[in-house]
1. For the structure I just gave you, tell me whether ASN130 is in contact (Cβ under 8 Å) with a residue 40 or more places away in the chain and closer than 28 Å to LEU181 by Cβ.
2. Of the residues THR309, THR354, which is under 18 Å from the mean Cα position of the chain (by Cα) and β-branched (Val, Ile, Thr)?
3. Enumerate the pairs (first residue in the stretch 59-72 and over 11 Å from LEU344 (Cβ atoms); second residue anywhere and open to solvent by 30 Å² or more (accessible area, probe 1.4 Å) and in a loop (DSSP other than H, G, I, E, B)) with beta-carbon separation below 8 Å, excluding pairs fewer than 6 apart on the same chain, so at least 6 apart or on different chains.
4. Does GLY289 satisfy being in a loop (DSSP other than H, G, I, E, B) and open to solvent by less than 10 Å² (accessible area, probe 1.4 Å)?
5. Could you grab me the full set of residues in the stretch 221-242 that are part of a loop (DSSP other than H, G, I, E, B) and touching a helix residue (DSSP H, G or I) at 6+ places or on another chain (Cβ under 8 Å)?
6. Pull up the stretch 351-365, narrow it to residues that are touching a Cys at 6+ places or on another chain (Cβ under 8 Å) and under 30 Å from GLU69 (Cα atoms), then point me to the one that is surrounded by the most Cβ atoms within 10 Å (Cβ to Cβ).
7. Return yes or no: is GLY340 modelled with pLDDT under 95 and open to solvent by 30 Å² or more (accessible area, probe 1.4 Å)?
8. When the residues of the stretch 122-181 are narrowed to those that are within 29 Å of LEU262 (Cβ to Cβ), among the small types (Gly, Ala, Ser) and more than 21 Å from the chain's Cα centre (by Cα), which ends up surrounded by the fewest Cβ atoms within 10 Å (Cβ to Cβ)?
Amino acid sequence: LSKRIIRILIEEINKMKMKTIIKSVLSTFALVFIFIPNVNADGHSYTIDASNVSQYADMLSEGEKKMFEAYPDTYKINVGPATACSVPSDVMARSSSNGTMINNNEGIEVANSGQLPFPNPSDAQHYMWNARMMAGTQSNIMRFVTISNVDSSGNITVGEQETNIIFPAHEANVGKYEDGLFALFMQKNNSPARVKGVTVLVHDYIDSYENPRRAWSYSPATRRVRRAPDITYDTLVNASPLIVVDQYGTFNGAQDKYNWELKGTKKMVVVGVSNELGLSPLEDTHGVGHLNPDYLNYEEKEVAIVHATLKDGQRHLYSSRTFYITTDSYYIVAQDIYDGQGNLMRNAINTLSTNIGGLGGDCSINGEFTFDFATRQFAGNNMLGDAINSVPAVYNGPSKDVSFYTPDGLRRYAR
């Protein structure tokens, strides 16, 4: 009898263990299938909106906070997992030491051609140089980019620019072009109608002190090529009333108009990889006053905060600017833009993609957007994606002959 009782007790204990195991498994499934959808149903970890923005104020740029103030009912930020972006491994392999800024910091000297100028940045302009020179990690680019101008009612004017760029300092191009060149840039406006056919050619040098930018333009109205000394600084680009020349491509050209200050580095919520932006029609992604938040992904990332203040005696539409630069890949992902009275006049963001053909899944700036608070208009620039471009971009393709990037080449290409 005692043995039978013992056996029954053992069986009951085993049953209880099994029930506990089953209960544990069911609880785990409940967490997976009930808890996670409630938190990450849309792929985001959390959302910032007008009701909770104060909780995240320290992690947001001044421009983002102003967007919540301007559009409290429609603006929000969806924050998802951070995507690992990095400087290409071959570039980092050449980047053993910092370079040196020369000629009032308008030029640089580096130990190895094609290296990141400042792999250990400690100065505000180190970060600006890294951001600028990252574009030159490609040997050349040919792309048809989409531009957009959106009025305060949400009406969209769409344009297209046909752009050819070559980076002579890239290892594949060394010796083929004039020494000291950073980029040769040819761009034709295909639309909208008011700028159709306007074409510009730019010779951009690494050292703006020794070799100021040279530029030429072609106008269909006159059918002539002329020097264009004003394609610098705060001249408006042809296709947009909100974008000035030196914010094209996030920042370009001479840095001499500003005093630069490094405000430090910190983790912030900044716009990140947003692949759906280029895979969806503009009618879906563009809203009234701002982009549709459902197509943007923000991330928690460490950024360097660089503030630029206009020097005494200098003139520029932007009296001061604050740049937010990722420390993993040196992309300028946001910019606060102030007018001469010190008012925040514009918020600018630069979205990233990992699905641009020819880049092998690497992170890349894709879509530069400027939001104007006074007019409640915004503009998009340098947008790529299957849903908005008829011709895929080509990176590192066959190089055009040096004659293409000449005034005579501009005349032939524009016509």
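The values are calculated or read from the model by the stated rules, or taken from the named source; none is laboratory data. Keep in mind the model is a prediction, meaning the values are calculated, not measured. Positions of Cβ are backbone-derived with ideal geometry, glycine not excepted, and every protein chain shown enters the neighbour counts. These accessible areas exclude ligands, DNA and RNA; they are computed on the full protein's heavy atoms, side chains included. Shrake-Rupley method; radii C 1.70, N 1.55, O 1.52, S 1.80 Å.
1. On the way: in contact (Cβ under 8 Å) with a residue 40 or more places away in the chain: yes; closer than 28 Å to LEU181 by Cβ: yes.
It is true that ASN130 is in contact (Cβ under 8 Å) with a residue 40 or more places away in the chain and closer than 28 Å to LEU181 by Cβ.
2. On the way: THR309 fails: under 18 Å from the mean Cα position of the chain (by Cα).
Sole residue among the options that is under 18 Å from the mean Cα position of the chain (by Cα) and β-branched (Val, Ile, Thr): THR354.
3. PHE68/ASP49; PHE68/ALA50; PRO72/ALA50
4. Values: in a loop (DSSP other than H, G, I, E, B): yes; open to solvent by less than 10 Å² (accessible area, probe 1.4 Å): yes.
Yes: the conditions hold for GLY289.
5. The first filter runs over the stretch 221-242 and keeps only residues part of a loop (DSSP other than H, G, I, E, B), leaving 221-223, 228-235, 237-242.
Selection gives ILE231, THR232, TYR233, ASP234, THR235, VAL237, ASN238, ALA239.
6. LEU352
7. Working: modelled with pLDDT under 95: no; open to solvent by 30 Å² or more (accessible area, probe 1.4 Å): yes.
Against the criterion (modelled with pLDDT under 95 and open to solvent by 30 Å² or more (accessible area, probe 1.4 Å)), GLY340 does not qualify.
8. Within the stretch 122-181, the match that is surrounded by the fewest Cβ atoms within 10 Å (Cβ to Cβ) is SER122.
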